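K.L.:
To start, I am sharing the structure in question, which I have written as structure tokens.
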Amino acid sequence: MSSKPIIIVAGNPRSVFFEIFFKSIKKLRIKSPIILICCKREIEQFIKKNSIIINLNYIEKEEILKNIQLKKINLLNVNLKNSKNLNLMKKNTKLYLSKCFGHAFDLINNKISDKLINGPINKKSFLNGKYPGITEYISKKFNIKETGMLIFNKTLSVSPLTTHVPLKNVAKKINLKLVINKIKLLDKFFKNVLKIKPTMAIAGINPHCESFSKYNEDEKILKIAVNYLKKNNIKIYGPFPADTLFLKANRQKYNVIIGTYHDQVLTPIKTLHEYDAINITMGLPFLRVSPDHGPNEKMIGKNKSNPLSLIRSIEFLDNR
């Protein structure tokens, strides 16, 4: 193989993943083999129902390097037990996803690949409150403490300092160490992995970066962090009011806009780019990417889901 395989964990069986996957494969011409980890029965039923013509290559994990093929979808089967009982089905799905990720992590640890995509996951039912998101779940499995979320687009990317944290708890999470470490991680990832010299801006936590209380996080934390990082040759500016930072004249100055909380930057980036963005986890010893959308159960079977984010995810890993 001239390029390491791209491992794809299909994610929740109740999702639009198979639809967007086959739409993506139809449009792509890639040089990396694909190892798809999912339930053989589920994908075969989808193929049959939708009259899809596809070459599947069934592989065993123990002899994966001998049997992998470039021009076929290499399928690593994980059984999913069906049940009419809703609670039991949720339990079976959780076990199924754990096994899928387990196989993917084994392939990475055995140096078979350093490229991972996971399909849409219902985080609430799978993580059960133990982890804020899949980023933290994967980080824990590899014992990595310093990671970050990057929603990447070639023209403008965003990164939140906190991820799936309730808004009422955000201010409590923001501290000088967190801000400095996350921005250093961003700068390193852009330079070392993306080969881009980033110019970054950070949004303030308070409206207009102002606070009527005695303690203003924008002055006491964000501004101090920015000044410190500038002295260390990192191109970071701000904090700026979030309500105007994404105006065209402002955002054109930067590669990355950093937010203090999840929706502060994900809402505008999804409005600007819609599906033309991917979710990257920075700081891992491999590249982990996911489409920037969820399972979208309401759209199952309608054949209307947009595959662009998965296409961009595969293209991103195929070029590395």
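K.L.:
Within region 15-35, work out how many residues are in contact (Cβ under 8 Å) with a residue 24 or more places away in the chain, in a loop (DSSP other than H, G, I, E, B) and out of contact with any strand residue (DSSP E or B) (no Cβ under 9 Å at 6 or more places or on another chain).
P.N.:
So the answer is 4.
K.L.:
Restricting to region 67-86, give me the number of residues that are part of a loop (DSSP other than H, G, I, E, B) and either out of contact with any helix residue (DSSP H, G or I) (no Cβ under 6 Å at 6 or more places or on another chain) or over 24 Å from GLY102 (Cα atoms) (or both).
P.N.:
Residues in region 67-86 being part of a loop (DSSP other than H, G, I, E, B) and either out of contact with any helix residue (DSSP H, G or I) (no Cβ under 6 Å at 6 or more places or on another chain) or over 24 Å from GLY102 (Cα atoms) (or both): 9 in total.
Residues are listed down the side, and each one gets a yes or a no for (1) of a type in the set (Phe, Trp, Tyr); (2) in contact (Cβ under 8 Å) with a residue 24 or more places away in the chain; (3) surrounded by 15 or more Cβ atoms within 10 Å (Cβ to Cβ); (4) in a strand (DSSP E or B):
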position: PRO13; (1), (2), (3), (4): no, yes, yes, no
position: ILE37; (1), (2), (3), (4): no, yes, yes, yes
position: GLN45; (1), (2), (3), (4): no, no, no, no
position: ASN57; (1), (2), (3), (4): no, no, yes, yes
position: LEU65; (1), (2), (3), (4): no, yes, no, no
position: LEU88; (1), (2), (3), (4): no, no, no, no
position: ALA104; (1), (2), (3), (4): no, yes, yes, no
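K.L.:
Taking only region 97-144 into account, find how many residues are among the polar types (S, T, N, Q) and under 22 Å from ASN296 (Cα atoms).
P.N.:
So the count comes out to 6.
K.L.:
Anything in region 183-230 that is surrounded by fewer than 17 Cβ atoms within 10 Å (Cβ to Cβ), of a type in the set (Ser, Thr, Tyr) and under 19 Å from LYS172 (Cβ atoms)? List them, or say none.
P.N.:
Listed by number, the residues that qualify are SER213, TYR215.
K.L.:
Inspect region 263-279 for any residue being small (Gly, Ala, Ser) and within 22 Å of ILE183 (Cβ to Cβ) and give the result as yes or no.
P.N.:
yes
K.L.:
Taking the stated definitions as given, is ILE112 outside any helix (DSSP H, G or I) and of a type in the set (A, V, I, L, M, F, W, C)?
P.N.:
In short, yes.
K.L.:
Find the strands (runs of 3 or more DSSP E) located wholly in region 231-320 whose residues include 3 or more that are of a type outside the set (Val, Ile, Thr), and list them.
P.N.:
Where strands (runs of 3 or more DSSP E) fall fully within region 231-320 and carry at least 3 residues being of a type outside the set (Val, Ile, Thr), they are 236-240, 287-291.
K.L.:
State whether the residues of region 163-185 include one that is among the hydrophobic types (A, V, I, L, M, F, W, C), part of a loop (DSSP other than H, G, I, E, B) and under 25 Å from ILE224 (Cα atoms).
P.N.:
Yes: region 163-185 contains one or more residues that are among the hydrophobic types (A, V, I, L, M, F, W, C), part of a loop (DSSP other than H, G, I, E, B) and under 25 Å from ILE224 (Cα atoms).
Bear in mind that the values in this text are calculations on the coordinates, not laboratory data. Please read all numbers here as calculations on a predicted model, not as lab measurements. A quick note on method: Cβ atoms are made from the backbone with ideal geometry, for glycine too, and the neighbour counts reach across all protein chains shown.
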